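The values are calculated or read from the model by the stated rules, or taken from the named source; none is laboratory data. Remember, it's a predicted structure, so these values are computed and weren't measured experimentally. No Cβ is skipped: glycine too gets one built from the backbone with ideal geometry, and neighbour counts run over all protein chains shown. Note: areas computed on protein heavy atoms with side chains; ligands, DNA, RNA excluded. Shrake-Rupley method; radii C 1.70, N 1.55, O 1.52, S 1.80 Å.
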There are 2 protein chains.
Amino acid sequence: MNSSESRRASGGEHAEQGSALPDPKLHEHHPADVAARLTELDPRAAHDLLSRLPAQDRAEVFGYLDPHNQSAIAALCSRAELADLLVHIAPDERVDLFNALPTDTGQALLPALAQAEREDLRRLASYAEGTVGAVMTSDYALLRPELTAREAVEFLRERAPDSETIYQAYVVDEDRRLLGTLSLRELIVAPAHATVAELMVKDVIFARVDDPREEAANKIGHYDLLALPVVNGGDRLVGIVTYDDAMDVAAAEATEDFHKAGGTLGHLDVSLKTADVGLLYRKRAFWLVVLVFGNIFSGAGIAYFEDTIAAFVPLVFFLPLLIGSSGNAGAQSATLMVRALATGDVVPRDWGRMLARELVVASLLGLTMAGAVSGIGVARGGLALAVIVASTMVIVVIVGSVIGLSLPFILSRLKLDPAAASAPLVTSIADATGVVIYFSIATGVLRAGG
Amino acid sequence: MNSSESRRASGGEHAEQGSALPDPKLHEHHPADVAARLTELDPRAAHDLLSRLPAQDRAEVFGYLDPHNQSAIAALCSRAELADLLVHIAPDERVDLFNALPTDTGQALLPALAQAEREDLRRLASYAEGTVGAVMTSDYALLRPELTAREAVEFLRERAPDSETIYQAYVVDEDRRLLGTLSLRELIVAPAHATVAELMVKDVIFARVDDPREEAANKIGHYDLLALPVVNGGDRLVGIVTYDDAMDVAAAEATEDFHKAGGTLGHLDVSLKTADVGLLYRKRAFWLVVLVFGNIFSGAGIAYFEDTIAAFVPLVFFLPLLIGSSGNAGAQSATLMVRALATGDVVPRDWGRMLARELVVASLLGLTMAGAVSGIGVARGGLALAVIVASTMVIVVIVGSVIGLSLPFILSRLKLDPAAASAPLVTSIADATGVVIYFSIATGVLRAGG
């Protein structure tokens, strides 16, 4: 987001947020904007500015930084500064910071925390990256079922400064097993003497700590929840994922899929602006080199048909056009399917149904494009060439589309990420197939004609 | 989302949500799940099931359907059913339904609504698609500045059943100009006699009705807001965008960019699963045909160098590999840049900085790939061919990357959507450029050597 675009109104007046960041007034800006501004500075300058903020503000701003900038700044902090940061930061941010620190630094800082916080941190730090456990927070409000609505509201009022959300409270038994949920909205409209047990929603939507994090984000989006409770293997409540963290997860997953679709490895969990050359090189080199070897198949196909080409060089004119169209049609299908699988719009068992429709769509597309190019075929090489080019076009568009559609499903069946069916990968496969189809048809037609 | 994956706990017990949908108990399921199930039925069956639900539940379920399914079902409803739906549905869903109906049907239904609702509907329906106005709701809680905290809580309590959110309230003057915001959390912890004017946050983050809808979604994500107030040209409060609608907008925008990146026109605002053949054909045909003509430039390049090719046919073996690598490197750069521009990580004025780094990364990638292919060059055609292939590889990877990086910026400067710099488009441009570079180098080297 571009923080300089955010406008604020105050009593009907308008003021663009300042383009410079006057540090005496740093604390008057929204912490998200301060964080955005800090990422444009080098880590040393960012650290200096941060250290002038009051401890609470500093922790808040720090929480809005991305992991890359967090570690860069943390590396410049003294132990005392780190301890101070660790004490003031929210539990879910605390664990990210802790994980970003060198192990011994992290361990040395633990005594700065109260025992409960220390245990909480150790527990949160134990969940694998990419799981619900790694994005949840332990700042939530618990209610006992026997409380009355009035008592519950009073209880939440007291918890308000310490809980990430008090709008959604969780009802548990003595063993911390989740009995139900109750919103503050339901509580304040309820009769004062109704009990939490009577009022709570018993049919709870929840996630498990070791579910993939995108599942929590999908549930929050699907059911329009403010927060999703998270239970462990023993069905005990261990945390919640809030809607704002779900938005971050959804955005990160979309970015990851987006980058994969473009033929890079996974996503950059750092800003593209500040990512260094080495990281970008590593993210991109692997697939480029793999695809080189993929393209050798196309080359081998061409070499195999060298006689046909030498006999009728005008065929080469149409090569990029035909294999390009096959690759483009394939990239379209793959992209549509990857996104539909990611959002759950399509599930693996829909393959057959999707394939049947794809054959119809791809045939129409192939015929359209055969029409578009057959005139050029006649112009450059007469009727025989036009027939070769038009019939190749129909076939390669269908074949390319089927490859593009099927590859994400195949990857998904193999328990691989469908998003690895990137446009460049599909294009390379469709290219090699297209070469063979093109020159086979050409060889056949030319032999028959000549 | 796949509704059958959502699990619910009830008092520690677990029950997978039923795989069949027993309609007497339809109302016991979450409306989001009922809606997901309905999309798998044909519209007539979906309409039948819906009509058996109580009016309020029916409106809720209907609100979770996508626009395509909403219109399909609405087309089967009698006027009385539509009027009933229009009365019970949330205001932001109401306007979507109203816009989906044929104009005369919509107008004929207006008298079913109370006057205030009718005016509200007419107003909401007037905002252009894609703007903040078209996604906002008019169900929000207003507070007068002179109320005390206790009075304000009591007021919100009464408004609870009718407001989309009571957790965030908006303070306005007599002219409905936005003075500040106040959360229920702040209200309930405040001293009972403090006034709203004293407690409210005056530095309000807001959007304007005619801003693009993704700007509202970005602000909600950036500042972790529950809801964002929306003002009109006269700075009067006219609606709010809630976090759940912002999540939907962010997901729709990500899908749209994703589809564009794969070379289709915009996004399907319907499920890929239920989209019909004609729609898919139209979404895909345009770009495929445009790209055919783009590929003709590659063909023309090849034709221009026919003498070189005829003189040394082994060159053709490396054609797919070299232009493919150029296109792949370009697709990578374009993808990284399109997403970074969409999320605001990179802004148009960063072009120079990005370009400088890209030149370094692309040079490294080009050298890596030149190394990977030069051996094959020696094997197939001796040292001269190896020199041609390796030097072409370095140059086309750099040129492809620069094209891929720059195109989104150029589109953005031209006020076009950077996401139109799709992988297929970049590939086509990089291909044509690669052909010319390859055969120019080959002609030069062969002439010098021969």
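Scanning the stretch B:249-271 for residues that are under 12 Å from the mean Cα position of the chain (by Cα), open to solvent by 30 Å² or more (accessible area, probe 1.4 Å) and without any contact (Cβ under 8 Å) to a residue 40 or more places away in the chain yields B:Ala250, B:Ala251, B:His267. Out of (1) more than 11 Å from every other protein chain (Cβ to nearest Cβ); (2) crowded, with 23+ Cβ neighbours inside 10 Å; (3) modelled with pLDDT under 95, what's the single condition that is false for B:Val196? Of the numbered conditions (1) more than 11 Å from every other protein chain (Cβ to nearest Cβ); (2) crowded, with 23+ Cβ neighbours inside 10 Å; (3) modelled with pLDDT under 95, the odd one out for B:Val196 is (3).
If the condition is being in a loop (DSSP other than H, G, I, E, B), buried (at least 17 other Cβ atoms within 10 Å of the Cβ) and facing chain B (nearest Cβ under 8 Å), then the stretch A:272-289 contributes only A:Leu272.
Considering only residues of the stretch A:106-124 that are touching a Lys or Arg at 6+ places or on another chain (Cβ under 9 Å) and under 22 Å from A:Tyr64 (Cα atoms), which is surrounded by the most Cβ atoms within 10 Å (Cβ to Cβ)? That would be A:Leu124. The criterion of being in a loop (DSSP other than H, G, I, E, B), open to solvent by 10 Å² or more (accessible area, probe 1.4 Å) and more than 10 Å from every other protein chain (Cβ to nearest Cβ) holds for B:Leu416. Quick check, is B:Gly382 surrounded by fewer than 23 Cβ atoms within 10 Å (Cβ to Cβ), out of contact with any Asp or Glu (no Cβ under 6 Å at 6 or more places or on another chain), touching a residue at least 24 places away in the same chain (Cβ under 8 Å) and on the phi > 0 side of the Ramachandran plot? In short, no. Taken together, B:Ser412, B:Ser406, B:Ser422, B:Ser391 contain a single residue that is under 18 Å from A:Leu425 (Cα atoms) and polar (S, T, N, Q), which is B:Ser422. Please go through the stretch B:417-450 and pick out each residue that is farther than 30 Å from B:Thr255 by Cα and of a type in the set (Gly, Ala, Ser). Answer for the stretch B:417-450, where residues must be farther than 30 Å from B:Thr255 by Cα and of a type in the set (Gly, Ala, Ser): B:Gly434, B:Ser440, B:Ala442, B:Gly444, B:Ala448, B:Gly449, B:Gly450.
Within the stretch A:74-102, residues that are farther than 16 Å from A:Tyr64 by Cβ sit with their Cβ atoms under 6 Å from residues that are at pLDDT 90 or above and part of a helix (DSSP H, G or I), at 6+ positions apart or across chains, in these pairs: A:Leu76/A:His47. With respect to the conditions (1) within 14 Å of chain B (Cβ to nearest Cβ); (2) more than 17 Å from A:Val230 (Cβ to Cβ); (3) within 33 Å of the chain's Cα centre (by Cα), A:Phe98 falls short on a single one, namely (1). Reported count of residues in the stretch A:290-321, each being part of a helix (DSSP H, G or I), more than 39 Å from the chain's Cα centre (by Cα) and more than 7 Å from chain B (Cβ to nearest Cβ), is 6.
Looking only at residues of the stretch B:134-157 that are β-branched (Val, Ile, Thr) and open to solvent by 20 Å² or more (accessible area, probe 1.4 Å), we find that the one that is farthest from B:Glu253 (Cα to Cα) is B:Thr148.
This table checks each residue for (1) in a loop (DSSP other than H, G, I, E, B); (2) more than 28 Å from A:Asp350 (Cβ to Cβ).
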| site | (1), (2) |
| --- | --- |
| B:Leu41 | yes, no |
| B:Arg44 | no, no |
| B:Leu53 | yes, no |
| B:Gln56 | no, yes |
| B:Gln70 | no, no |
| B:Glu81 | no, yes |
| B:Leu86 | no, yes |
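Of everything listed in (1) closer than 20 Å to A:Gln168 by Cβ; (2) within 10 Å of chain A (Cβ to nearest Cβ), the single unmet condition for B:Ala169 is (2).
Anything in the stretch B:216-237 that is more than 10 Å from chain A (Cβ to nearest Cβ) and surrounded by 24 or more Cβ atoms within 10 Å (Cβ to Cβ)? List them, or say none. Step through it out loud before you land on a result.
To start, the set of residues in the stretch B:216-237 that are more than 10 Å from chain A (Cβ to nearest Cβ) comprises B:216, B:227-228, B:230, B:232-233.
If the condition is that a residue be more than 10 Å from chain A (Cβ to nearest Cβ) and surrounded by 24 or more Cβ atoms within 10 Å (Cβ to Cβ), then B:Ala216, B:Ala227, B:Leu228, B:Val230 are the ones that fit.
Look at the stretch A:399-421: where a residue is free of Cβ contacts under 8 Å to residues at least 24 places away in the same chain and a partner is outside any helix (DSSP H, G or I), sitting 6+ places away or on another chain with Cβ atoms under 9 Å, you get A:Ile410/A:Leu416; A:Ile410/A:Ala421; A:Leu411/A:Asp417; A:Leu411/A:Ala421.
In the stretch A:317-328, is there at least one residue being β-branched (Val, Ile, Thr) and open to solvent by 20 Å² or more (accessible area, probe 1.4 Å)? No; the residues of the stretch A:317-328 include none that is β-branched (Val, Ile, Thr) and open to solvent by 20 Å² or more (accessible area, probe 1.4 Å).
Only one of A:Thr131, A:Thr165 is among the polar types (S, T, N, Q), modelled with pLDDT of 90 or more and surrounded by 15 or more Cβ atoms within 10 Å (Cβ to Cβ); which? Spell out the reasoning first.
On the way: A:Thr165 fails: modelled with pLDDT of 90 or more.
Criteria check complete, one pass: A:Thr131.
Do we have B:Ile410 as more than 12 Å from chain A (Cβ to nearest Cβ), surrounded by fewer than 19 Cβ atoms within 10 Å (Cβ to Cβ) and either over 34 Å from the mean Cα position of the chain (by Cα) or within 24 Å of B:Ala254 (Cβ to Cβ) (or both) here? It would help to see each step written out before you state the result.
Details: more than 12 Å from chain A (Cβ to nearest Cβ): yes; surrounded by fewer than 19 Cβ atoms within 10 Å (Cβ to Cβ): yes; either over 34 Å from the mean Cα position of the chain (by Cα) or within 24 Å of B:Ala254 (Cβ to Cβ) (or both): yes.
It is true that B:Ile410 is more than 12 Å from chain A (Cβ to nearest Cβ), surrounded by fewer than 19 Cβ atoms within 10 Å (Cβ to Cβ) and either over 34 Å from the mean Cα position of the chain (by Cα) or within 24 Å of B:Ala254 (Cβ to Cβ) (or both).
Taking the condition open to solvent by less than 40 Å² (accessible area, probe 1.4 Å) and closer than 30 Å to A:Asp417 by Cα, does A:Asn69 pass?
Values: open to solvent by less than 40 Å² (accessible area, probe 1.4 Å): yes; closer than 30 Å to A:Asp417 by Cα: yes.
So A:Asn69 passes the test.
Just one of (1) in contact with a Ser or Thr (Cβ under 8 Å, 6 or more places away or on another chain); (2) within 14 Å of another protein chain (Cβ to nearest Cβ); (3) farther than 26 Å from B:Val132 by Cβ fails for B:Ala46. It is (2).
Would you check if A:Ala250 is under 22 Å from B:Ala246 (Cα atoms) and either polar (S, T, N, Q) or modelled with pLDDT of 90 or more (or both)? Against the criterion (under 22 Å from B:Ala246 (Cα atoms) and either polar (S, T, N, Q) or modelled with pLDDT of 90 or more (or both)), A:Ala250 qualifies.
Check whether at least one residue in the stretch A:364-372 is in contact with a Pro (Cβ under 9 Å, 6 or more places away or on another chain) and open to solvent by less than 50 Å² (accessible area, probe 1.4 Å), and report yes or no. If you could, list the steps in order and put the result at the bottom.
The first filter runs over the stretch A:364-372 and keeps only residues in contact with a Pro (Cβ under 9 Å, 6 or more places away or on another chain), leaving none.
No, the stretch A:364-372 contains no residue that is in contact with a Pro (Cβ under 9 Å, 6 or more places away or on another chain) and open to solvent by less than 50 Å² (accessible area, probe 1.4 Å).
Residue-level check: of (1) at negative phi; (2) surrounded by fewer than 20 Cβ atoms within 10 Å (Cβ to Cβ); (3) more than 25 Å from the chain's Cα centre (by Cα); (4) more than 12 Å from chain A (Cβ to nearest Cβ), B:Val399 misses just (2). For B:Ala207, state whether it is open to solvent by less than 40 Å² (accessible area, probe 1.4 Å), within 29 Å of the chain's Cα centre (by Cα) and modelled with pLDDT of 95 or more. It is true that B:Ala207 is open to solvent by less than 40 Å² (accessible area, probe 1.4 Å), within 29 Å of the chain's Cα centre (by Cα) and modelled with pLDDT of 95 or more.
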